[in-house]
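The values are calculated or read from the model by the stated rules, or taken from the named source; none is laboratory data. Only a predicted model underlies this, so the values are computations on that prediction, with no experimental measurement involved. Positions of Cβ are generated from backbone atoms using ideal geometry, with glycine treated the same way; all protein chains shown enter the neighbour counts.
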Amino acid sequence: MRMAFELQMIAVAVAIGILNLLWASAAAQPQRGLKWNVGPRDETIELTGMAGRLMRAFANFRETFPFFVALVIVDYLGGRLGDLTVYGAALYVAARAAYLPLYAFGVPYVRSLVWLASMVGILMLLAALVV
């Protein structure tokens, strides 16, 4: 049995999230240092530059990802999969993949438009429940 495309997109989105986490952690290492990483992390270290942007991008991913997963699962279980969910899931994942390097390298405006595209993908998944 072949897995639904929308469920496959959840797996791809997870891979994007893991990549974001690993990239952000690696970028933060020089600013935080080994002592902070292996210690209790009681102090907050304000990250700057790319490290800070990657951490903020990861925080943004964590804000949108649960909505994406929940809607894919509800659409799937509710028998609402179709063109709208395929395109919505693909749009969300493609936009999140593009968002990460745009944010990392500090590209303004386009990054915001790409974020908006990811939200349109989520709204398409939501719309599939009512159309």
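Just to be sure, is Glu63 without any contact (Cβ under 8 Å) to a residue 24 or more places away in the chain, among the charged types (D, E, K, R), exposed (fewer than 14 other Cβ atoms within 10 Å of the Cβ) and closer than 15 Å to Ile122 by Cβ? For Glu63, the condition - without any contact (Cβ under 8 Å) to a residue 24 or more places away in the chain, among the charged types (D, E, K, R), exposed (fewer than 14 other Cβ atoms within 10 Å of the Cβ) and closer than 15 Å to Ile122 by Cβ - is met.
Taking into account only those residues within the range 1-11 that are free of Cβ contacts under 8 Å to residues at least 60 places away in the same chain and of a type in the set (A, V, I, L, M, F, W, C), which is nearest to Gly52 (Cα to Cα)? Please lay out each step first, then the result.
Initial filter on the range 1-11 (free of Cβ contacts under 8 Å to residues at least 60 places away in the same chain): 1-3, 8, 11.
From the residues that got through so far, the ones that are of a type in the set (A, V, I, L, M, F, W, C) too are 1, 3, 11.
Values: Met1: 43, Met3: 37, Ala11: 26 Å.
That would be Ala11.
In the range 93-101, is there at least one residue being hydroxyl-bearing (Ser, Thr, Tyr) and over 30 Å from Pro30 (Cα atoms)? No: the range 93-101 contains no residue that is hydroxyl-bearing (Ser, Thr, Tyr) and over 30 Å from Pro30 (Cα atoms). Scanning the range 32-71 for residues that are on the phi > 0 side of the Ramachandran plot and modelled with pLDDT of 95 or more gives a single hit, Gly49.
Condition (residue is in contact (Cβ under 8 Å) with a residue 24 or more places away in the chain and under 21 Å from Leu126 (Cα atoms)) applied to the range 12-27: is it met by at least one residue? Yes, some residue in the range 12-27 is in contact (Cβ under 8 Å) with a residue 24 or more places away in the chain and under 21 Å from Leu126 (Cα atoms).
Taking the range 88-131 as the range and being in a helix (DSSP H, G or I), out of contact with any helix residue (DSSP H, G or I) (no Cβ under 6 Å at 6 or more places or on another chain) and of a type in the set (Ser, Thr, Tyr) as the test, only Ser112 passes.
Here's the yes/no breakdown for (1) closer than 24 Å to Leu22 by Cβ; (2) of a type in the set (D, E, K, R); (3) at pLDDT below 95:
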| residue | (1), (2), (3) |
| --- | --- |
| Ile73 | no, no, no |
| Tyr76 | no, no, no |
| Tyr103 | yes, no, no |
| Val107 | yes, no, no |
| Arg111 | yes, yes, no |
| Val114 | yes, no, no |
| Ala127 | no, no, no |
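Of all residues in the range 90-114, those that are touching a residue at least 40 places away in the same chain (Cβ under 8 Å) and closer than 20 Å to Glu6 by Cα have Cβ atoms under 7 Å from Cβ atoms of residues that are charged (D, E, K, R) and in a helix (DSSP H, G or I), 6 or more apart or on another chain, in Tyr99/Arg111. Scanning the range 31-47 for residues that are of a type outside the set (A, V, I, L, M) and surrounded by 10 or more Cβ atoms within 10 Å (Cβ to Cβ) turns up Gln31, Arg32, Gly33, Trp36, Asn37, Gly39, Arg41. The residue that is surrounded by the fewest Cβ atoms within 10 Å (Cβ to Cβ), counting only those in the range 1-21 that are more than 13 Å from the chain's Cα centre (by Cα) and in a helix (DSSP H, G or I), is Phe5.
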